[in-house]
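All of the numbers you see were taken from the coordinates with simple rules; none came from a lab. All figures in this text were calculated on a predicted structure; none of them were measured in a lab. Cβ coordinates were reconstructed from backbone atoms using ideal geometry, including for glycine residues, and neighbour counts include every protein chain displayed.
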Amino acid sequence: MKVIFLTFNKYIELVLMAVYTIQCFSVFRYSDEKDRNGIYIRQDVGMALIYFLSFLQLYLQMMDINVIRFYIITQLLFLCVILLFRLLYPKANKLLVNNMCMLISIGFTILVRLNFQKAKKQFVVVLISFVLAFVIPLILKTFNRLRRFYPLFAFTGIAALSAVLFFSSAINGSKLNIKIGGVSFQASEFVKIIFVFAIAGILTCVRSNKRILISCIVAGLHVLLLVASKDLGSAVIFYIVYIVMLFIATGRMRYFWGGLMGAGLFSVVGYFMFSHVRVRVEAFMDPLGTIDNSGYQIAQSLFAIGTGGFTGMGLYMGVPNRIPVVEADFIFAAISEEFGVLFGICMVLICVSCFVMFMNIAMRFNDMFYKLVAVGLAVTYGFQVFLTIGGVTKFIPLTGVTLPLVSYGSNSIMVSLIMFSVIQGLYVSVKSMNDEDNKKKAKD
């Protein structure tokens, strides 16, 4: 009986995942949240079934009662999050809530399989982050003059990155973390959000032509500090986010194309300046030829994805631990090996639906500041997903960034949840403003 279940379970989960993913895009057929309720209920049921079947298989393979305890606690957490968001913020976007929980549940599942202790640590961070996620929309609704604080945002971001550069220790050649009160933080993760608010404030509050120059200087300082710290993955994200925000604010294509040409030029300069960039490019060009050294990670990642095939080896039936740092940078390879490439593609499409919804929310704003904030966070999220998946699948050289909401990493998952909650706060705000406008029109 156990063998039959283990054999067919992966196919059941794949069908459920495909149905969930289709629902993510069916949402866009309707403009009113009330018309989407049926879709959200089907997603909730599908998500719960996938999570239950996954942990049932994990328990049958590991025979550890702690797996059951972890499942019950986390399943209750997801249920509480979904219900509380609907009670506290009736106008919140339920697709983002569902997708947020779905991606975290996939992350929990694969982390329990890879390293149970890290899964427990991740749970604690997720629990704290969800508390923040419930508070942030209320803060955004209460303090609607955030644009005025753009000098503070800019100064804080530059100061934090400067502190990392001058006071942190290098790990594998890069300076990433700084300790405050014995707790280690990756400052660049948190500065991502501050940076978006700073650039949005400069581009909307500075009324002269100097706004472009000032925003360029602020963005340039952030990027240069990251480059000096050799945190090149984050530097690329900051740069692209700025280029897109500048284009949205001005509507001038020359800034966009000029920025992309600049990115190409900086990539060439970075190749000659930094030895670890040359190592990553070498591994990208010929992972099998360099499998004994620089190409080992990417080669093992490709082996894992290829071994899993379309339908996967089955949960706990692969060997993803052969990949170094698999819980963080290469978690997509582990998912593809055991759940299958089709499951992995569905997960990527869920991320795409989040990005599309972010942009959909951004386009609803008439206020340029909020539009730019939403666009900036959308690009931050979407581009990080692209860098992670692209690196793991050898589409682009590795950048060392994690997959938001899925990969192991306290800073990454906390910042990702904060980004989702900021978007929710913006969505609730725009819904409230639209409702007020409709009431005024009805009275008139």
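A few remarks follow.
- Candidates Ser234, Ser168, Ser215: whichever shows maximal mean-square fluctuation once the chain is modelled as a Gaussian network with Cα springs under 10 Å: Ser168
- Axial C-alpha extent at least 24 Å, average Kyte-Doolittle at least 0.0 - helices from the chain (DSSP): 2-26, 37-62, 65-88, 94-114, 116-142, 150-167, 187-205, 210-228, 232-250, 253-273, 341-362, 368-392
- Protection proxy ranking of 106-114, 11-19, 352-360 - average other beta-carbon atoms within 10 Å, highest first: 106-114, 352-360, 11-19
- Selected from Gly312, Gly344, Gly264 as most flexible by GNM, with the chain as the system and alpha-carbon contacts under 10 Å: Gly264
- Highest-fluctuation residue, Lys34, Lys120, Lys371 considered, GNM on the chain with Cα pairs under 10 Å: Lys34
- Cα gyration tensor shape of region 257-378, rounded if a/c is under 1.5, else prolate or oblate by comparing a/b with b/c: oblate
- Estimated 222 nm signal from helices in the chain, with DSSP H stretches of n ≥ 4 weighted -39500 (n - 2.57), rounded to 500: -26000 deg cm²/dmol
- Neighbourhood charge, 12 Å Cβ-Cβ cut-off, centred on Ala249 and excluding it, Lys, Arg +1 and Asp, Glu -1: +3
- Percent RCO, i.e. relative contact order, over the chain, from Cα pairs under 8 Å lying at least 6 residues apart: 21 percent
- Over 25 Å [Cα-Cα, region 144-273], rounded percent: 27 percent
- Shape call, region 304-358: gyration tensor on alpha carbons, a/c limit 1.5: oblate
- Segments 52-59, 125-132, 268-275 sorted - mean Cβ within 10 Å per residue, highest first: 52-59, 125-132, 268-275
- Pairs exceeding a 27 Å alpha-carbon distance, out of Lys94/Lys371; Lys10/Lys118; Lys141/Lys230; Lys34/Lys141: Lys141/Lys230.
- Summing +1 for each Lys or Arg and -1 for each Asp or Glu among the other residues whose beta-carbon sits under 13 angstrom from that of Phe70 gives +4.
- Shape class for the chain, computed from the alpha carbon gyration tensor (a ≥ b ≥ c): oblate, with a/c not under 1.5 and a/b at or below b/c.
- Computed on region 144-273, with alpha-carbon pairs under 8 angstrom and 6+ residues apart, the relative contact order is 24 percent.
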